[in-house]
Amino acid sequence: MEKIIALIAGILFGAGLAASDMNNPERVQGFLDLLNWDPSLMFVMMGALLIAVPGFQYLLNKQGKPIFAVGFSLPAGKDIDKNLVIGSALFGIGWAIVGYCPGPAIASLVYGYQEVFIFVAAMLAGAKTQQFIFNTK
């Protein structure tokens, strides 16, 4: 059941990205362009937060556990260390240069653009390289 719910959530997320045009890398790069600023990304993020924050607070505080799982999978680490800062910086630099982050890139695969396939392949290769270097699962 968890896999079905995850699939439905992924499809809804991808549809939301497509409907808001946030899987378009020019939107992201337009948000980061201070001379020709496009605030649409900010409005989409604010709309998402207005729904997600109260929903998560309700689920975490009132319900205690997800409906279709035994518990929440929350990050255990809360420290801001060198690896987190370096990883965040690399993510932000890559996002600014290419205009994709993982969710929109995967959702954009359905368009069949060659650059999206290259980006996703590089993203997966980078994830595997990180696992190999740091011996994580």
**Item:** Condition broken by Val70, with the remaining ones in (1) within 16 Å of the chain's Cα centre (by Cα); (2) surrounded by fewer than 10 Cβ atoms within 10 Å (Cβ to Cβ) satisfied
**Value:** (1)
**Request:** Answer yes if at least one residue in the stretch 36-50 is at pLDDT 90 or above, in a helix (DSSP H, G or I), touching a Leu at 6+ places or on another chain (Cβ under 8 Å) and not β-branched (Val, Ile, Thr), and no otherwise.
**Result:** no
**Asked** Would you call Leu59 surrounded by 10 or more Cβ atoms within 10 Å (Cβ to Cβ) and modelled with pLDDT under 90?
**Response** yes
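Can you pull out every residue in the stretch 93-137 that is part of a helix (DSSP H, G or I) and among the charged types (D, E, K, R)?
Of everything in the stretch 93-137, those that are part of a helix (DSSP H, G or I) and among the charged types (D, E, K, R) turn out to be Glu115, Lys128.
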**Message:** Residues to consider are Lys82, Lys78, Lys137; find the one that is surrounded by fewer than 10 Cβ atoms within 10 Å (Cβ to Cβ) and either touching a Ser or Thr at 6+ places or on another chain (Cβ under 8 Å) or at pLDDT 90 or above (or both).
**Reply:** Lys82
**Prompt:** Within the stretch 15-31, restricting attention to residues that are out of contact with any Gly (no Cβ under 8 Å at 6 or more places or on another chain), not in a loop (DSSP other than H, G, I, E, B) and not hydroxyl-bearing (Ser, Thr, Tyr), which residue is surrounded by the most Cβ atoms within 10 Å (Cβ to Cβ)?
**Reply:** Phe31
**Test set (1) at pLDDT below 90; (2) surrounded by 13 or more Cβ atoms within 10 Å (Cβ to Cβ); (3) of a type in the set (A, V, I, L, M, F, W, C) - Leu109 fails condition number** = (1)
**Prompt:** Among the numbered criteria (1) over 25 Å from Ile118 (Cβ atoms); (2) in a helix (DSSP H, G or I); (3) not hydrophobic (A, V, I, L, M, F, W, C), which single criterion is violated by Gly71?
**Reply:** (2)
**Inter-residue pairs, beta-carbon under 9 Å, first of a type outside the set (Asp, Glu) and at pLDDT 95 or above and in the stretch 119-132, second loosely packed, with under 11 Cβ neighbours inside 10 Å and assigned to a helix (DSSP H, G or I), 6+ apart** = none
**Complete:** Residues in the stretch 85-97 that are crowded, with 16+ Cβ neighbours inside 10 Å and either at pLDDT 90 or above or in contact with a Ser or Thr (Cβ under 8 Å, 6 or more places away or on another chain) (or both) total 0
**Prompt:** Val44: free of Cβ contacts under 8 Å to residues at least 60 places away in the same chain and either surrounded by 11 or more Cβ atoms within 10 Å (Cβ to Cβ) or touching an Asp or Glu at 6+ places or on another chain (Cβ under 6 Å) (or both), yes or no?
**Reply:** yes
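The values are calculated or read from the model by the stated rules, or taken from the named source; none is laboratory data. Please read these numbers as outputs of a predicted model, since none were measured by experiment. Positions of Cβ are generated from backbone atoms using ideal geometry, with glycine treated the same way; all protein chains shown enter the neighbour counts.
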